[in-house]
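Read-outs throughout are calculated quantities, based only on the coordinates presented, and are distinct from any laboratory measurement. All values derive from a computational prediction rather than experimental measurement. Methodologically, a virtual Cβ is constructed for each residue, glycine included, from the backbone with ideal geometry; neighbour enumeration extends over all protein chains shown.
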Amino acid sequence: MLPSEEIISSINGNDVSTLMTSTDLNEANLSKAIGKKSSEQPRLLMQADEATLSLLIVENNGNSNDKNQSNLTDSLTDDKYKQIESVKSEHTRSVLSLSYNQNIHPTSYLDTLINMLKGNIGCGILAMGDAFKNGGLLFATIFTIVISLISAYNQHTLLGCSKTVKKKLKLQHNPKFAETIELSFQYGPQKFQSYSVFFRKSVNSFIVISQLGLCCVYVIFISKSLQQVMSWYNTHVDVHLSILITMVPVLISSLIRNLKFIARLSALANVCMFVGIFVILYYCTIDLPPITSRTPVAHWTTLPLFFGTSIFAFEGISLVLPLQQEMKSPKQFTSTFGVLNVGTVIVTTLLLITGFMGYLKFGEAVRGSLTLNLQEEFLLSKVVISSMMLNILCSYSLQFYVSIEVLWPIIENKFGPFRSPLLWEIGLRVILVLITFIGADVIPHLTMFISLIGAVACSFLALIFPPLCHIAVVNAGDRGDNKYGLFKWQLVMDALTLAFGTIGFFTGTYASVYEIYGAFRGVTIVTNSSDSTTQASFLS
């Protein structure tokens with residue numbers, strides 16, 4: 001299997017975003033790197049890959065004269081290119097380096113579809129029951145489909161922008177998420193160009209936030225599951241103690257630096273995830289109450305929480321670019337019955353079934369993860385919870401690895417070279433692990449954390465950046481009056497998506513923060529509607 005296939009097939013839902021980072025080198029850093037002593041050249045030249053050179057040349061077009069461009073392009077001779085490739089071949093395989101590799105064994109339609117399902121079905125699907133509680137059976141069903149359609153539209157938009165940028169700028173590589181955003185602004189109108197670097201850094205920042213936030217969710221999930229299992233043996237453990245116990249295996253897994261070994265762990269995690277989901281769905285079909293016993297539309301104060309959780313479950317936009325790049329026939333990815341559309345339908349169906357059945361089965365008692373609603377009397381409960389805990393533990397190392405791949409080059413460029421880079425990297429890993437555990441310990445409520453991360457980071461990555469990218473690309477060239485399509489429908493879609501994402505960001509963030517504040521105050525808000533009572537519980 002191609003290394004990049006290994007990574008894509010091993011990534012769990014919501015966490016793919018990470019394949020899309022780009023290097024943070026600018027022209028000054030590159031010139032400084034080329035001027036270093038020969039003993040330091042391998043490490044520095046390794047960072048100046050072909051993708052970075054293309055990006056620097058594009059940026060130079062608007063800011064430098066021809067002489068500076070010539071100096072930049074001539075600074076790396078054929079011998080230095082050979083040296084770069086030699087260093088790359090010995091370098092530990094990483095998400096960043098893999099994202100630029102050419103395909104050796106392209107994937108088929110079915111392979112790509114399976115990889116997409118693996119990448120989009122993760123921890124978020126287990127929280128859909130709580131999302132339906134915050135939205136209501138009818139409202140949540142309709143708006144889950146709406147969010148799915150908007151997400152699919154933005155994924156098509158991002159793919160189109162990446163293709164346009166590559167063609168117009170004659171790039172030799174396929175630009176990834178952050179680079180696509182930057183080059184779109186750089187290629188766009190004059191007023192967009194000055195914000196190109198800012199938006200690339202913003203994409204990378206939100207990727208790190210979403211990844212570390214997901215790691216916090218994983219820690220809370222493992223600790224809550226540990227509490228649940230131990231309670232079945234009449235052993236009650238405080239949530240803070242369970243989080244502390246969880247730190248030992250998580251810290252060990254975070255120190256794994258070999259991506260190939262991490263990918264194998266994640267393959268095992270995917271098997272555990274799918275088995276656990278199907279067993280949970282089977283449990284939800286036992287002794288179902290009447291559908292009229294559940295609220296069709298929840299109180300408006302909890303609707304933003306539904307948005308945050310649902311967008312968290314759908315946030316897989318960063319996966320689409322490398323998946324298409326991997327295919328034997330890339331056109332099959334975006335066709336009418338292509339991988340993207342078919343995969344979106346399957347993922348949406350699973351999310352709808354899980355959320356609908358979870359809320360219908362457990363009602364207001366549904367927890368932040370459906371595994372927490374399993375009873376000891378159910379024969380497969382311990383098997384399911386144990387497999388899901390193993391799944392999350394294995395997944396933590398991969399999601400954590402991505403954050404390191406984004407942050408470590410920045411730290412190394414700013415403060416390096418280090419005399420003992422391995423020790424510094426281990427120190428960075430330990431610090432980030434402690435940050436995730438502090439976050440989990442401060443807010444040990446699964447539903448609140450999922451909703452907060454979805455509203456803050458995922459809304460930007462999935463709903464705000466793609467339409468901005470599209471607007472920049474469309475306004476770059478002279479495409480006539482119909483550049484947005486008939487009746488300017490694409491501009492209308494971009495505007496609606498931006499409005500939806502912006503409103504969701506502010507309302508979802510406010511609702512999540514307010515609920516977290518209420519949890520610390522020990523407050524429970526009960527809101528009455530005309531025909532039902534909806535409780536906004538602060539227990540996860």
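List, in the order given, every pair from K168/K483; K167/K331; K167/K201; K201/K414; K166/K414 whose Cα-Cα distance in the structure shown is over 20 Å. Those over the limit are K167/K201; K166/K414. For the stretch 211-341, the relative contact order works out to 10 percent when only alpha carbon pairs closer than 8 Å and six or more residues apart are counted. Using the alpha-carbon positions of the stretch 321-418, Rg (one decimal) and Dmax (whole number) come out as 20.5, 58 Å. Between the stretch 202-252 and the stretch 360-427, what is the separation of their alpha carbon centroids in Å? Here the two parts' Cα centres lie 8 Å apart. For G368, the residues whose amide H sits under 5 Å from its own are T447, ignoring neighbours fewer than 5 places away on the same chain, with H placed 1.01 Å from N. Once the mean of 1/r is taken over each pair of separate Cα atoms and inverted, the stretch 137-198 shows a Kirkwood hydrodynamic radius of 13.2 Å. When you filter the chymotrypsin sites (Phe, Trp or Tyr not before Pro) in the stretch 301-342 for DSSP loop state and at most 15 other Cβ atoms inside 10 Å of their Cβ, you are left with F337.
A cut-off of 5 Å between modelled amide H atoms, ignoring neighbours fewer than 5 places along the same chain, links G122 with G13. This model, with +1 at the C-beta of Lys and Arg and -1 at the C-beta of Asp and Glu, gives the stretch 101-168 a dipole about its Cα centre of some 400 debye. Amide H to amide H distances under 5 Å link M327 with T107, where only residues 5 or more positions off or on other chains count and H is placed in the peptide plane.
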